[in-house]
Amino acid sequence: MSALSAIDRRTFLALTGTAAAAASAAGCGRIRKFLRGAPSPSEQVAHRGPTIDVFSICDNCVNKCGVIARVSSGRLVKLDPNPHFPKSRSMLCAKGNAGVQTLYDPDRLKHPLIRVGERGAGKWRKASWDEALDLTAAGLRAVRDKYGPQGVLFSSSEAFQERFFRSFGQAFGSPNSVRHPSMCLSSGNIGFFITYGTVPEFDIEHSRYVIASGANRFESFITPDTMDLAANVRARRTKLVYLDPRFTATAAKADEWLPIRPGTDLAFYLALIHVLIAEQLYDHAFVDTFTHGFGDLATHIETYTPEWAEKETEIQAGRIRAIAREFAAHAPRAVIYRGRRSSWYTNDTEMRQAMAIANALVGNWDTEGGVVPNESIGLGAPELPEYPFPDVPRVDAIGEHHPLANVDDGAYIELRDAVMADTPYPVRGWMIYKQNPMHILPDRRRTEAMFRKMDFVAVIDIVPSDSAWLADVILPESTYLERNDPLEEFNAPYPFVGLRQQVVPPLFNTRPNLEIMQGLASRLGLSAFFDFDINRYIADQLAPIGITRRELAVNGVWTNRSGRKYGATRKPDYRFRTPSGKIELTNERLRRNGYDPLPRYQPPAAAPAGMLRLLPGKQAYFTHAANQNNAWLHELCPENRVWINRGSAAARGIADGNLVVVRSPIGEVRLKAWVTDRIRPDCVHLPHGFGQTSPGLTRTAGAGASDQDLIEPRSDRISGNAALHETFVTVDNA
Ligand SMILES: Nc1nc2c(c(=O)[nH]1)N[C@H]1C(S)=C(S)[C@@H](COP(=O)(O)OP(=O)(O)OC[C@H]3O[C@@H](n4cnc5c(=O)[nH]c(N)nc54)[C@H](O)[C@@H]3O)O[C@H]1N2
Ligand SMILES: Nc1nc2c(c(=O)[nH]1)N[C@H]1C(S)=C(S)[C@@H](COP(=O)(O)OP(=O)(O)OC[C@H]3O[C@@H](n4cnc5c(=O)[nH]c(N)nc54)[C@H](O)[C@@H]3O)O[C@H]1N2
Ligand code: SF4
Ligand SMILES: [Mo]
């Protein structure tokens with residue numbers, strides 16, 4: 001593919017004849033029965049008489065959208081969006097609707113399980129909670145006695161009850177926690193934080209010009225951005241410029257799709273900055289008053305011309321110039337949208353820093369339609385004793401290797417290496433909450449080896465995931481529809497408080513995480529850290545804002561606001577939380593920590609002959625590897641296929657639907673090919689989350705293939721975030 005110009009979407013669709021292909025069905029196995037007249041999910045459940053409506057919050061992905069649960073005779077019959085919920089309003093995606101099947105899934109974990117055979121052999125016995133908690137407490141105690149509290153690793157992903165898991169780990173005294181950000185968004189957070197002293201939001205609702213790199217908002221949902229962008233693009237209020245080597249659903253809706261050469265977005269943004277400065281398109285008054293280091297940036301950027309960037313990105317220099325001019329012309333109602341998952345390449349923090357700098361130059365900070373600071377309402381919390389301070393360093397030495405990273409989140413890939421090498425000390429216990437390490441991390445064999453190295457593993461989940469399958473004890477949590485959770489404070493589009501409340505009582509012998517933690521704490525002498533129940537916790541949260549839970553339950557939302565507020569930080573004497581007190585175009589935090597203060601381009605690794613770059617990504621119907629087994633979602637898309645460009649496929653004799661073998665330096669998988677023009681010829685795309693193996697997941701076990709069998713474990717230099725796009729593969733007929 002030589003210097004590709006921007007391709008207008010209609011021209012592209014006409015050229016390739018794919019206009020009829022439903023964007024969201026891309027790469028799925030068979031055409032969906034659902035579209036061929038099978039009853040829709042809402043028709044499958046009978047509404048018997050009037051329903052009781054319970055306002056609550058979806059938990060099928062990170063977004064936590066508002067729902068109204070319709071309950072009839074004690075049975076959940078339907079989930080609808082809660083229009084009062086500012087973050088999601090009248091939107092509930094396919095996964096959110098399919099939450100009914102999360103509750104009624106026969107594959108759910110129904111009671112505690114204790115392993116009886118070899119680890120991973122799948123021989124379990126049903127246990128009482130007392131037995132399971134006794135065994136878990138004994139397992140943790142044994143590791144602590146032998147290796148110290150640092151011998152236990154606490155790993156978890158975001159959830160309203162994750163706080164109780166984390167405080168249990170802290171009370172236990174281990175410095176070793178690891179969370180999903182280092183497999184997800186930490187480099188993006190750092191790139192913006194070091195520039196602004198805060199991790200901002202994007203006012204997509206009021207933006208009239210949006211540039212997005214691989215932020216696949218119309219398949220990988222982030223509310224309210226997905227809805228605001230969709231509404232604005234549909235109404236032709238906003239121009240969307242989308243960069244992605246792949247023609248995603250977002251590319252299909254964009255005004256301009258730029259099929260950028262993978263790994264070169266930094267060159268695009270450096271050239272964009274070059275044009276803003278060379279053509280004097282930046283906001284001079286804003287730069288003078290609010291930023292630091294413009295002079296060094298201007299010198300640094302001189303050689304990064306659009307002509308130079310064209311060779312790297314394969315986007316024509318003229319297009320880069322035009323986009324820079326349009327971006328500046330629409331400012332301040334124009335944003336370079338950072339996206340969420342920034343676990344891409346080994347230079348990701350610098351790439352996101354360049355995005356942050358380009359935004360700052362056009363003065364879109366803290367204005368309508370621009371990049372806006374986060375705000376909070378400030379909920380209360382019960383007073384707790386102080387946690388013991390661990391007197392040993394973390395096993396991943398994150399403070400030394402990645403001084404700008406968030407210590408508690410850890411650096412997962414490097415942490416796994418340290419655990420495997422027993423350096424600087426052994427870690428032999430592993431507590432896992434709402435996380436699926438077998439699918440979160442590249443190189444499943446190595447993750448499985450880490451499980452097998454452990455003396456003791458406990459997993460808290462709602463289904464028998466591939467990770468739960470490797471545990472010694474599985475502690476089943478009640479699903480989000482069966483629990484009362486702590487209140488959550490949201491900050492987009494403006495600060496509000498949301499309530500997740502029980503919709504139906506637990507169907508099986510499961511417990512909310514707080515009670516699981518309390519059960520363990522009482523066995524390990526740590527009860528002082530959990531001296532409350534959920535009702536008391538919520539009451540303490542509500543105390544500072546002076547409303548009652550009953551008032552909050554009326555529509556599940558509380559806020560004292562009706563819209564975003566702008567400009568509080570646009571005061572000349574405002575000090576940003578950066579070393580200079582200004583927005584840093586030349587970065588002093590980076591300099592102080594021994595890094596280059598300005599983003600410097602390094603080209604991506606060249607593909608070895610005959611190899612293609614592997615790009616992972618998400619599908620609209622699924623969250624990570626969490627719900628491919630959901631009955632309704634499984635029916636929509638029963639397996640994944642590897643996307644390969646028509647020309648690349650022809651060169652290898654691969655026809656659409658052929659079984660192919662995809663090989664990388666660390667492994668190989670077999671699955672069907674989807675031959676398409678919707679991806680560049682130099683890369684392939686494997687939708688994430690399939691290739692699950694747990695026999696307990698009866699629908700999805702064995703379907704499709706996992707990208708984690710192929711991706712080489714690499715990390716971003718500055719943040720320690722995973723670099724999931726640095727692997728090359730071969731594809732051949734099987
Ligand atoms: N190759 C590749 N790797 C990736 C990604 C990729 O695209 N490709 N994406 C990355 C990203 S962006 C992220 S955020 C991570 C996500 O990776 P994870 O954090 O592991 O994924 P989640 O979907 O949040 O949740 C995982 C587990 O939570 C369980 N669960 C769901 N609800 C509940 C509940 O109420 N209680 C409990 N206890 N458990 C529950 C699910 O059954 C599932 O086993 O993966 C990262 N890894
Ligand atoms: N339906 C659904 N929605 C979700 C999730 C989910 O699992 N399912 N997960 C949630 C979570 S935790 C997250 S972090 C977000 C993630 O949402 P996104 O940040 O949008 O992440 P991905 O879906 O992984 O998509 C990454 C995109 O980057 C493209 N890409 C790859 N390499 C390059 C490159 O070099 N340059 C450019 N410009 N593009 C590239 C890929 O083709 C892919 O389309 O989604 C959230 N929303
Ligand atoms: S985006 Fe979908 S799955 Fe995620 S919280 Fe919202 S409704 Fe639930
Ligand atoms: Mo994520």
Q | Residue list for the range 683-725, filter: assigned to a loop (DSSP other than H, G, I, E, B), open to solvent by 20 Å² or more (accessible area, probe 1.4 Å) and acidic (Asp, Glu) | A | Glu712
Q: Examine the range 627-637 for a residue that is open to solvent by 40 Å² or more (accessible area, probe 1.4 Å), of a type outside the set (S, T, N, Q) and either modelled with pLDDT under 95 or within 13 Å of ligand 2 (Cβ to nearest atom) (or both), and state whether such a residue exists.
A: no
Q: Test each condition in (1) in contact (Cβ under 8 Å) with a residue 60 or more places away in the chain; (2) open to solvent by 10 Å² or more (accessible area, probe 1.4 Å) for Pro262 and report the one that comes out false.
A: (2)
(Q) Pairs needed: first member in the range 324-343, touching a residue at least 60 places away in the same chain (Cβ under 8 Å) and surrounded by fewer than 24 Cβ atoms within 10 Å (Cβ to Cβ); second member anywhere, assigned to a helix (DSSP H, G or I) and among the β-branched types (Val, Ile, Thr); C-beta distance under 9 Å; at least 6 residues apart or different chains. (A) Tyr337/Ile204
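Given Val152, Val143, which one is more than 28 Å from Tyr480 (Cα to Cα) and of a type in the set (A, V, I, L, M, F, W, C)?
Working: Val152 fails: more than 28 Å from Tyr480 (Cα to Cα).
Just one listed residue meets the conditions, Val143.
Is it fair to say Gly380 is away from ligand 1 (no atom under 16 Å from the Cβ), open to solvent by 10 Å² or more (accessible area, probe 1.4 Å), within 25 Å of Val199 (Cα to Cα) and outside any loop (DSSP other than H, G, I, E, B)? Step through it out loud before you land on a result.
Numbers: away from ligand 1 (no atom under 16 Å from the Cβ): yes; open to solvent by 10 Å² or more (accessible area, probe 1.4 Å): yes; within 25 Å of Val199 (Cα to Cα): yes; outside any loop (DSSP other than H, G, I, E, B): no.
Against the criterion (away from ligand 1 (no atom under 16 Å from the Cβ), open to solvent by 10 Å² or more (accessible area, probe 1.4 Å), within 25 Å of Val199 (Cα to Cα) and outside any loop (DSSP other than H, G, I, E, B)), Gly380 does not qualify.
Of the residues in the range 389-400, how many are more than 21 Å from Ser186 (Cβ to Cβ) and surrounded by 13 or more Cβ atoms within 10 Å (Cβ to Cβ)?
Quick first cut of the range 389-400, residues more than 21 Å from Ser186 (Cβ to Cβ) only: 389-392.
If we keep only those that are surrounded by 13 or more Cβ atoms within 10 Å (Cβ to Cβ) too, we end up with 390, 392.
Qualifying residue count for the region: 2.
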Q: Working only within the range 80-124, note down all residues that are in contact with an Asp or Glu (Cβ under 9 Å, 6 or more places away or on another chain) and within 16 Å of ligand 2 (Cβ to nearest atom).
A: Leu92, Asn97, Gly99, Thr102
**Q.** Residues within the range 159-185 that are away from ligand 4 (no atom under 16 Å from the Cβ) and part of a loop (DSSP other than H, G, I, E, B), tallied
**A.** 6
Q) What helices (runs of 4 or more DSSP H) lie completely within the range 449-565 and have 2 or more residues being open to solvent by 20 Å² or more (accessible area, probe 1.4 Å) and within 16 Å of ligand 1 (Cβ to nearest atom)? A) 513-523
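Considering only the range 175-199, state which residues are farther than 26 Å from Gln708 by Cβ and either open to solvent by less than 10 Å² (accessible area, probe 1.4 Å) or more than 16 Å from ligand 2 (Cβ to nearest atom) (or both). Talk me through it step by step, then tell me what you get.
If we filter the range 175-199 for residues that are farther than 26 Å from Gln708 by Cβ, which is where we start, we get 175, 192-199.
Selection gives Pro175, Phe192, Phe193, Ile194, Thr195, Tyr196, Gly197, Thr198.
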**Q.** Failed item, numbered, when Pro572 is tested on (1) more than 16 Å from ligand 4 (Cβ to nearest atom); (2) open to solvent by less than 50 Å² (accessible area, probe 1.4 Å); (3) in contact with a helix residue (DSSP H, G or I) (Cβ under 8 Å, 6 or more places away or on another chain)
**A.** (2)
Q. Any residue at all in the range 119-133 that is under 27 Å from Asn629 (Cα atoms), under 23 Å from the mean Cα position of the chain (by Cα) and assigned to a loop (DSSP other than H, G, I, E, B)?
A. no
Q) Of the residues that sit in the range 322-341 and are charged (D, E, K, R), farther than 15 Å from Ile357 by Cβ and part of a loop (DSSP other than H, G, I, E, B), which one is farthest from ligand 4 (Cβ to nearest atom)? A) Arg333
Q | Every pair of residues 6+ apart whose Cβ atoms lie under 6 Å, when the first sits in the range 643-664 and is free of Cβ contacts under 8 Å to residues at least 40 places away in the same chain while the second is open to solvent by less than 30 Å² (accessible area, probe 1.4 Å) | A | Asn645/Ile679
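The values are calculated or read from the model by the stated rules, or taken from the named source; none is laboratory data. These numbers were taken from a predicted model, which means no experiment stands behind them. Glycine also receives a Cβ, built like all others from the backbone with ideal geometry; neighbour counts cover every protein chain displayed. Side chains are part of the model used for accessible areas, which takes the heavy atoms of the whole protein and leaves out ligands, DNA and RNA. Shrake-Rupley method; radii C 1.70, N 1.55, O 1.52, S 1.80 Å.
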